[in-house]
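Only the coordinates and a few stated rules stand behind these numbers; no lab work does. This one's a predicted model, so the numbers in the text were calculated from it and none came from an experiment. Counting neighbours? That spans all protein chains shown, and the Cβs are built from the backbone with ideal geometry, glycine included.
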Amino acid sequence: MAAKSTLIQSLTLADLDAVMEIERLSFPTPWPRANFEEEMARTWARMEILREAVSGRPLAFADYWLVADEIHILNIATHPEARRQGHGARLLKHILQLAKQASYKSVELEVRRSNEAAQGLYRRFGFVEVGMRPRYYEDNDEDALVMSLKLRS
């Protein structure tokens, strides 16, 4: 079966219900809608949605910040029905291409210690663990691994 064609676009208010559903199904403590609205208003934040090209169905989203000479990824999430199809990797590749084209020096993120699937994705793209934030996640006091990808200038 051929992979469906997808598009990555800037998030709009019309996409928020779909993003909220992905968020709710993906995280033990989902962000409230107001957090996403605030992110959309920040000049340094980028929120993008990956959708099926033909149907327009939202499949995944990314939220990241452009901070000085680095990109900080806050969130990449895929709808459970669309997981294991490369959508998270497609969004990550998109972010890394932007970073390289705009001459950012690094891409940084935090990931739950228990989220081995996400860690595997990041490692496949060259991220390495550079630190740990103890009890970073308030819902269960889980540690966050800090991962970084240094980019060539």
- Given only helices, namely DSSP H runs of n ≥ 4 each adding -39500 (n - 2.57), what is the per-residue ellipticity at 222 nm of the chain, to the nearest 500 deg cm²/dmol? -8500 deg cm²/dmol
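With +1 on each Lys and Arg Cβ and -1 on each Asp and Glu Cβ, how big is the dipole of the range 6-150 about its Cα centre, in debye rounded to the nearest 20? Could you put the intermediate results ahead of the total?
Numbers: 19 positive and 22 negative charges, 139 e Å.
That gives a dipole near 660 debye.
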- Item | Distance in nm between pseudo-label sites at residue 124 and residue 33 (7 Å out along the Cβ direction from Cα) | 3.4 nm
- Message: Below 15 Å, Cα to Cα, which aspartates and glutamates can residue 100 reach? Residues fewer than 8 away in the same chain don't count.
- Response: 69, 70, 108
- Note on the structure: A correct Karplus calculation of ³J(HN,Hα) over the range 60-77, with 6.51 cos²θ - 1.76 cosθ + 1.60, θ = phi - 60°, whole Hz and x for Gly and Pro, returns 7, 8, 9, 10, 8, 10, 9, 10, 6, 9, 9, 10, 10, 7, 8, 7, 9, 9
- Item | Karplus 3J(HN,Hα) series, Hz, for the range 28-38 with 6.51 cos²θ - 1.76 cosθ + 1.60 (x for Gly, Pro) | x, 10, x, 5, x, 3, 4, 4, 5, 4, 5
- Task: Starting from the Cα-Cα distance between residue 142 and residue 42, subtract it from 0.36 nm times their residue separation and give me the gain in nm to one decimal.
- Result: 33.2 nm
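Taking every eigenvalue of the Cα gyration tensor of the range 6-150, multiplying by 5 and rooting it, what semi-axes result, largest first, whole Å? It would help to have the intermediate numbers written out before the result.
Working: eigenvalues 95, 68, 50 Å².
In descending order, the three semi-axes are 22, 18, 16 Å.
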- Candidate lysines - alpha carbon under 19 Å from residue 4, same-chain residues fewer than 8 apart omitted: 93
- In what sequence, highest mean first, do 51-64, 8-21, 100-113 appear when ranked by Cβ atoms within 10 angstrom? 51-64, 100-113, 8-21
- Once the other residues with Cβ under 15 Å from the Cβ of residue 140 are scored (Lys, Arg +1; Asp, Glu -1), what is the net sum? -2
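Give, in nm to one decimal, the length gained when the segment between residue 55 and residue 12 is fully stretched (0.36 nm per residue of separation minus the Cα-Cα distance). Write down the numbers at each step before the final one.
Working: separation 43, 0.36 × 43 = 15.48 nm, distance 1.68 nm.
Taking residue 55 through residue 12 to full extension adds about 13.8 nm, to one decimal.
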- Message: Quick check: pseudo-label points 7 Å beyond the Cα along Cα→Cβ at residue 102 and residue 150, how many nm apart are they?
- Response: 2.2 nm
- Query: Treating the beta-carbon of each Lys and Arg as +1 and of each Asp and Glu as -1, no other charges, what is the dipole magnitude of the range 94-153 about its Cα centre, to the nearest 20 debye?
  - Reply: 540 debye
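In percent, how large is the relative contact order of the chain, given Cα pairs closer than 8 Å and 6 or more residues apart?
18 percent
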- Query: Can you work out ³J(HN,Hα) from phi for every residue in the range 109-124, in order, using Karplus 6.51 cos²θ - 1.76 cosθ + 1.60 and θ = phi - 60°, giving whole Hz and x for Gly and Pro?
  - Reply: 6, 10, 9, 4, 4, 7, 8, 5, 5, 5, 4, x, 4, 5, 5, 4
- Query: Got a sec? How would 66, 50 order by Cβ neighbour count within 10 Å, fewest to most?
  - Reply: 66, 50
